[in-house]
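Reading through the structure tokens given below for one structure.
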Amino acid sequence: MYKGGRIIAFAALFCLAVLSPFIVNLANAAPAPETSLDTPAINAQQTKECVASTEYMKDNHMQLLDEWRNDVVRDGSREYESASGQVYEKSLDGTCLECHSNREEFCDSCHDYASVDPYCWDCHDGEAS
Amino acid sequence: MRIVGPLILTLALAAVAWVGTQYAGLYAVFGIVIPYLALASFVGGFVFRLVKWGKSAVPFRIPTTCGQQKSLPWVKQNKIENPSSFAGVVGRMLLEVLVFRSLFRNTKTEKQGEALGVGSAKWLWLGALVFHWSMLIIVLRHLRFFLEPVPGAIMALEGADAFFQIGLPALYLTDLLIVSALTFLFVRRVVIPRVRYLSLPNDFFPLFLLLGVVIAGIAMRYFFRVDIEGVKEVAMGLVTLHPVVVAGIGPIFYVHLFLASVLIGYFPWSKLMHAGGIVLSPTRNQANDSRAVRHVNPWNPDLPVHTYAEYEDEFKDKLVKAGLPLDAE
């Protein structure tokens with residue numbers, strides 16, 4: 001091999017770079033977080049029901065919040081009727097955080113895990129109003 | 001057919017992943033087996049290709065030069081375009097790899113009136129640069145799925161990419177850029193007759209595959225959202241060698257993952273391997289020092305050296321008879 005040393009060094013460097021997530025995770029890989037529904041408001045509910053189904057909320061809650069924000073701020077529309085006919089106020093502080101008062105275990109645990117940095121908390125302080 | 005074939009192939013691959021997970025329920029196949037196989041093909045193939053290229057002979061020192069060679073002390077040398085040292089070669093390679101220096105030299109010959117004119121043509125360079133840098137940022141951004149805790153640098157990169165906070169989840173600028181650049185690179189191959197003439201299915205297939213991966217990813221992030229925590233669990237399972245099947249992730253994720261797996265599995269066996277090949281380009285990675293350093297051709301047969309003294313000794317009689325002077329006397 002002409003300049004074989006350099007070629008092998010380059011190949012080794014390539015492998016190291018591509019496989020670095022494997023190597024880094026050998027040392028420390030935190031487990032997936034568990035979302036906690038253990039809050040006084042949820043425990044007090046007879047039928048535990050959110051504004052939409054769990055599957056929908058898992059995938060699309062950011063979309064719902066975005067729509068709510070636009071509806072409230074631009075159109076002044078504050079009422080949201082869920083699929084079950086229940087009417088909620090379109091409010092992060094007043095509705096979401098009323099039940100999910102454990103922001104750290106409910107919101108932040110997943111957001112941190114998936115490295116999502118929502119700008120909700122730039123304005124909202126994460127406390128129920 | 002050169003365009004339609006690869007397009008159908010890409011769409012078929014996407015359909016396979018969709019049907020395979022949504023209807024056949026082969027989550028372990030598309031979420032575990034195929035990604036591992038693809039990674040093995042990527043790493044193994046990449047090293048194989050490098051070693052195979054490395055083994056080929058380098059009979060000549062053939063750097064292409066685009067500037068003043070090292071000469072007399074008062075002649076100013078162009079140290080990057082015509083390097084004479086290792087540092088110069090490194091500088092030249094960095095320019096090549098990071099900003100595509102030789103593509104920047106691209107020219108276009110056109111008839112201007114009656115005369116033939118040669119002008120600069122930078123669009124390909126710009127499109128290629130936008131695509132490759134977007135790709136790099138996107139790949140680095142994806143590390144957030146493979147590392148826990150996520151390093152601050154990755155989060156900062158993501159934050160910068162979503163700088164304008166458009167929509168929720170925030171729009172990544174590189175998503176826009178990579179789609180534009182790939183579209184440009186595709187359209188260029190179709191509308192310029194000369195380029196179209198020399199484009200083959202294996203030019204179009206990587207483009208469609210990349211577009212497929214990108215579009216599936218964009219669809220997943222902005223339109224058909226999936227459970228991102230589940231996605232991270234799958235990714236972390238793969239990189240910690242404890243693969244898991246997570247229920248409830250939409251099929252669009254598996255389309256994205258499968259197309260990405262096909263892309264990296266196909267990578268070393270295709271023209272995409274220019275990523276590794278660029279550092280082995282003999283016209284780029286050699287110093288132009290052939291007047292200072294002897295380059296030995298590995299093909300040279302191992303012959304005994306026959307010096308002039310020996311030659312003279314052998315033909316002494318004939319040389320004397322012809323009246324030629326002898327060194328030995």
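The values are calculated or read from the model by the stated rules, or taken from the named source; none is laboratory data. Model, not experiment: these values are computed from the prediction. So basically every Cβ, Gly included, is an ideal-geometry build from the backbone, and we count neighbours across all protein chains shown. Areas reflect the complete protein model, heavy atoms only, side chains present, ligands, DNA and RNA absent. Shrake-Rupley method; radii C 1.70, N 1.55, O 1.52, S 1.80 Å.
Using a Förster distance of 60 Å, how high is the FRET efficiency between B:GLU312 and A:GLU104, based on the Cβ-Cβ distance and rounded to 0.05? Spell out each step's value before the answer.
Numbers: r = 94 Å, r/R0 = 1.57.
Computed FRET efficiency for B:GLU312 and A:GLU104 comes out at 0.05.
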*Quick one: accessible area per residue over the range B:180-329, 1.4 Å probe, rounded to a whole number of Å²?*
56
*Taking accessible area as the heavy-atom solvent-accessible surface of the protein chains with a 1.4 Å probe, which residues of the range A:8-34 lose no less than 50 Å² upon going from the isolated chain to the full protein assembly?*
A:PHE10, A:PHE14, A:PRO21, A:PHE22, A:ASN25
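Calculate the all-directions average of the projected area of chain A's alpha-carbon convex hull, and give it in nm².
Values: hull surface 51.3 nm².
Its average projected convex-hull area is 12.8 nm².
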_Need one value for A:106-116: mean number of C-beta atoms belonging to other chains within 10 Å of its residues' C-beta atoms._
5
*Once the principal axes of the Cα atoms of the protein assembly as shown are found, what is the range along each, listed largest first in whole angstroms?*
124, 61, 50
*Using unit Cβ charges (K, R positive; D, E negative) and no other charged atoms, how large, in debye to the nearest 20, is the dipole of the range B:234-329 about its Cα centre?*
840
_Vicinal HN-Hα couplings computed from phi for the range B:276-286 (Karplus, 6.51 cos²θ - 1.76 cosθ + 1.60; Hz; Gly/Pro x)_ = x, x, 4, 6, 9, 6, x, 7, 10, 9, 10
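Based on the alpha-carbon gyration tensor of the range B:71-146 and its eigenvalue square roots a ≥ b ≥ c, which shape applies: rounded if a/c is under 1.5, prolate if not and a/b is larger than b/c, or oblate? Walk me through the numbers on the way to the answer.
Working: a/c = 5.84, a/b = 1.19, b/c = 4.93.
Here the range B:71-146 falls in the oblate category.
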_Explain nothing, just compute: Karplus ³J(HN,Hα) = 6.51 cos²θ - 1.76 cosθ + 1.60, θ = phi - 60°, for every residue of the range B:175-191 in order, whole Hz, x for Gly and Pro._
4, 5, 5, 5, 5, 4, 5, 5, 4, 4, 5, 6, 4, 4, 5, 8, 8
*Give the long-range amide H neighbours of A:TYR88: residues separated by 5 or more places, or on another chain, with amide H under 5 Å away, using H modelled in the peptide plane at 1.01 Å from N.*
A:TYR80, A:GLU81, A:SER82
*Add +1 for every Lys or Arg and -1 for every Asp or Glu among the other residues with Cβ under 14 Å from the Cβ of B:VAL99, and state the total.*
+3
*Could you list, in their original order, any pairs among B:LYS52/B:LYS232; A:LYS90/B:LYS232; A:LYS3/B:LYS70 whose Cα atoms are separated by more than 27 Å?*
B:LYS52/B:LYS232; A:LYS90/B:LYS232
*What list of ³J(HN,Hα) values in whole Hz, one per residue of the range A:13-18 in order, does the Karplus curve 6.51 cos²θ - 1.76 cosθ + 1.60 (θ = phi - 60°) give from phi, with Gly and Pro shown as x?*
4, 4, 4, 4, 5, 5
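What order do you get for B:233-239, B:45-51 when each peptide is scored by the mean count of other beta carbon atoms within 10 Å, highest first? The partial results should precede the final answer.
Working: B:233-239: 21.4, B:45-51: 18.0.
Output ranking for B:233-239, B:45-51: B:233-239, B:45-51.
In Å² (nearest 100), what accessible area is buried between A and B, both sides summed, heavy protein atoms only, 1.4 Å probe? Could the numbers behind the result be given before it?
Working: alone 9920 and 20360 Å², together 26840 Å².
The contact between B and A buries close to 3400 Å².
Enter the mean projected area of the convex hull around the alpha-carbon atoms of chain B, in nm², rounded to one decimal.
Details: hull surface 118.0 nm².
It is 29.5 nm².
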*Return the distance in nm (one decimal) between the two label points of a simple spin-label model at A:TYR119 and B:VAL29, each offset 7 Å from Cα along Cα→Cβ.*
4.4
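Sort largest first and round to whole Å: the equivalent ellipsoid semi-axes of the range B:158-216, each the square root of five times a Cα gyration tensor eigenvalue.
Details: eigenvalues 180, 26, 10 Å².
Semi-axes, largest first: 30, 11, 7 Å.
Once you average over the residues of B:225-237, how many Cβ atoms of partner chains fall within 10 Å of each Cβ? Let's see the in-between values first.
Numbers: counts 7, 3, 7, 9, 10, 4, 1, 6, 5, 0, 1, 7, 2.
Rounded to a whole number, the mean comes out at 5.
Quick check on packing: order B:7-16, B:193-202 by the mean number of other C-beta atoms within 10 Å, highest mean leading. Kindly include the intermediate steps, with their values, before the conclusion.
Values: B:7-16: 15.9, B:193-202: 11.3.
In decreasing order of mean packing, B:7-16, B:193-202 become B:7-16, B:193-202.
Once neighbouring chains are kept in place and the probe is 1.4 Å, which whole percent of the accessible area of the protein assembly as shown is contributed by carbon and sulfur?
Details: 17390 of 26840 Å².
After summing per-atom areas, the C and S share lands at 65 percent.
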*In nm, to one decimal, how far is the B:LYS79 label point from the B:SER120 one, both placed 7 Å along Cα→Cβ?*
2.5
*Dipole of the range B:233-329 [Lys/Arg +1, Asp/Glu -1 at C-beta], most positive-end residue of B:ALA235, B:SER290, B:GLY248*: B:GLY248
*Mind checking A:53-62 for the average number of partner chain beta-carbons within 10 Å of each residue's beta-carbon?*
4
*asked:* Give me the one-decimal nm value for the distance between modelled label points at A:VAL72 and A:TYR2, 7 Å along each residue's Cα-to-Cβ direction.
replied: 6.9
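Give, rounded to the nearest 20 debye, the magnitude of the charge dipole that the protein assembly as shown has about its Cα centre when Lys and Arg contribute +1 at Cβ and Asp and Glu contribute -1 at Cβ.
Working: 39 positive and 43 negative charges, 634 e Å.
Dipole about the Cα centre, nearest 20: 3040 debye.
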